[in-house]
Each structure stands twice: as structure tokens, then as C-alpha cells.
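Everything on this sheet refers to the single structure shown next.
Every number here is computed from the coordinates shown, using simple stated rules; none is lab data. These numbers come from a predicted model, not from an experiment. FYI the Cβ positions are ideal-geometry reconstructions off the backbone, even for glycines, and counts take in every protein chain you see.
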Amino acid sequence: MSPCRFIVVMGAMAFTLFGHAQSAKTTGGSGAAKEKLIGAWHLVHIDAPSPDGKSQPIPQPRGMLIYTRDGHMSVQLMYPESANTLSNEYVLNGYEASFGSYEVDETEHTVTHDVQGSITRDLLVGKDLPRKFEFTADGHLIIRSTRPDEHWSVTWEHY
């Protein structure tokens with residue numbers, strides 16, 4: 001094999017190995033939780049109890065959450081027309097949308113969303129949003145905020 005061809009082959013192998021290592025990046029554990037997260041999820045239910053823990057009815061949106069194998073994520077929620085004026089840190093006029101990258105900490109059962117784009121722009125872009133996650137026996141994914149002032153949980157199901 002010529003020296004030039006050897007360098008090209010070795011470079012391609014290094015690129016492939018580096019790309020694989022980047023796509024499998026997790027903190028702790030074997031990567032099993034990240035594998036379970038990968039794919040498209042549809043929203044089943046949002047629960048947003050008041051700070052005292054009492055359940056309060058909220059208009060249920062439709063939504064999709066996507067985690068890709070190479071570490072990208074995207075989430076979109078559309079609330080019913082009755083809530084189209086709903087706006088907060090995450091939602092603008094009844095719509096929530098953000099995308100970016102994510103990292104999984106298998107030991108802590110957290111997934112951290114690194115927001116690179118959001119409908120609420122300056123409120124979320126550039127922020128890291130750590131989320132607790134759990135998988136239920138029936139295959140649902142439940143995501144909760146790690147912030148003590150946020151008491152919501154979102155239940156997702158694989159498409």
C-alpha cells in the first residue's frame with residue numbers, strides 16, 4: 001500500500017471511530033438509556049401541579065420529541081386554540097419549539113438539552129436544560145424538570 005493511500009485509509013478509520021465515539025457519548029453507564037431515548041416520541045400527557053402539589057387542569061397540547069443517535073434533539077408542542085395566548089419561558093402564543101443537542105447521564109438518570117434554537121429565542125437559546133427521565137414498565141418516557149421551582153412532568157410514547 002502506498003504511503004498516501006495508507007494515510008487516507010487511516011484518516012477515514014479515525015474519522016469513523018471518532019464519529020462513533022461522539023455519537024455514543026454518555027456519562028456513566030453502558031449507554032442503554034440513551035439507546036432507549038433515541039427515536040420519535042408523541043406526547044401522551046402533561047401534568048403541571050401547583051407548588052403545593054395539587055393537580056391543576058391544563059389544556060393538553062399535541063407534541064413530538066425527537067432524539068437522534070448522533071446527539072441532537074427537537075421538541076414541539078401545540079396547545080389547543082383555547083390556550084393560544086399561553087406564553088412563558090418555553091411557550092409563545094400556545095406553541096413550544098426548541099432544538100439543539102443533548103447528553104445523557106445514565107447514573108443520574110438525566111438528559112441535558114443544550115438549546116441552540118427556540119421559539120422563545122433569548123429566553124432559552126444557549127441554555128442547558130437538565131431533565132430527569134424515567135422509563136415506565138409500559139414503555140412510556142416521563143421527563144421532569146430538575147429545577148425545584150418547576151413541578152411539571154411530561155409523558156411520552158414512542159411512535
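How big is the charge dipole of region 27-158 about its Cα centre, in debye rounded to the nearest 20, if each Lys and Arg gets +1 on its Cβ and each Asp and Glu gets -1 on its Cβ?
On the way: 11 positive and 19 negative charges, 36 e Å.
The dipole of region 27-158 has a size of about 180 debye.
Can you tell me the length gained on complete extension of the stretch LYS54 to LEU123, counting 0.36 nm per residue apart and subtracting the Cα distance?
The span from LYS54 to LEU123 would gain 22.1 nm if fully extended.
Picking from ILE143, HIS72, ALA97, whose Cα lies most toward the positive end of the charge dipole for region 27-158 (charges on Cβ: Lys, Arg +1; Asp, Glu -1)?
Of the candidates, ALA97 comes out farthest on the positive side.
Label points 7 Å out from Cα along the Cβ direction at ASN84 and ALA32: separation in nm?
A separation of 4.7 nm, rounded to one decimal place.
How about LYS34: which aspartates and glutamates have a C-alpha closer than 15 Å to its C-alpha, ignoring those fewer than 8 places off in the same chain?
Within reach: ASP70, GLU103, ASP105, GLU106, GLU108, GLU134.
Within region 100-117, whose backbone N sits under 12 Å from a point 7 Å along Cα→Cβ of LEU92?
Within reach of a label on LEU92: 117.
I need the shape label for region 76-159. Rule: rounded when a/c is under 1.5, else prolate if a/b > b/c, else oblate, with a, b, c from the alpha carbon gyration tensor.
oblate
What are the trypsin sites (Lys or Arg not before Pro) within region 51-159 that DSSP puts in a loop, where the Cβ has at most 16 other Cβ atoms within 10 Å?
LYS54, ARG69, LYS127
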